[in-house]
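The values are calculated or read from the model by the stated rules, or taken from the named source; none is laboratory data. Just so it is clear, the model here is predicted, and its values are computed rather than measured. With ideal geometry, Cβ positions are generated from the backbone for all residues, glycine too; neighbour counts draw on all protein chains shown. When the accessible area is computed, the model is the full protein with side chains, heavy atoms only, and any ligands, DNA or RNA have been set aside. Shrake-Rupley method; radii C 1.70, N 1.55, O 1.52, S 1.80 Å.
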Amino acid sequence: QVQLVESGGGLVQAGGSLRLSCAASGGTFSTYAMGWFRQTPGKKREFVATINWSGGNTYYADSVKGRFIISRDNAKNTVYLQMNSLKPDDTAVYYCAENKGGFTAELTTTYDYWGQGTQVTVSS
């Protein structure tokens, strides 16, 4: 059974940093691409970042480029999202997701498994 569990969310002041983690169990983590998405009330789920199976290729939404870094540790079955220079607009529930195809992707419909999310709140 595939399960994804996000952690590391919390309350931070604007300009601060947080590091999110997503621990995966089941499946074959090292062959999957991973993605981070976020969602706020009344809005659709938004792409944030993605990383291919090996970690050699990454892709970011324009809104977070230069501030966020996605990485993975296949030995630990974990993907990370380092969030720097946080803004109030970054406030959202952040979700990790798994893509069995193994390549970077930004569409929610291309992902096969999802975590339950972790809340990130950035105060001004």
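For region 77-124, relative contact order (Cα pairs under 8 Å, six or more residues apart, normalised by length) works out to 49 percent.
Once backbone amide H atoms are built at 1.01 Å from N, Phe103 has Ala33 as its partners under 5 Å, excluding neighbours fewer than 5 places away on the same chain.
Here the Karplus relation 6.51 cos²θ - 1.76 cosθ + 1.60, evaluated at θ = phi - 60°, turns the backbone of region 80-93 into coupling constants of 10, 9, 7, 10, 10, 6, 5, 10, x, 5, 7, 4, 4, 8 Hz, with x for every Gly and Pro. Taking the accessible area of region 1-73, probe 1.4 Å, and keeping the other protein chains in place, the carbon and sulfur fraction comes to 48%. Working from Cα pairs under 8 Å separated by at least six residues, relative contact order for the chain is 36 percent.
Between exposed trypsin sites (Lys or Arg not before Pro) in the chain, where DSSP calls loop and at most 14 other Cβ atoms lie within 10 Å, what's the longest gap? So the longest stretch without any such site is 77-124. Accessible surface for region 1-123, divided over its residues, is 50 Å² per residue with a 1.4 Å probe. Bridges between two residues of region 1-53, per DSSP, are antiparallel at a rate of about 100%. Of the solvent-accessible surface of region 82-124, computed with a 1.4 Å probe and all protein chains present, 48% belongs to carbon and sulfur.
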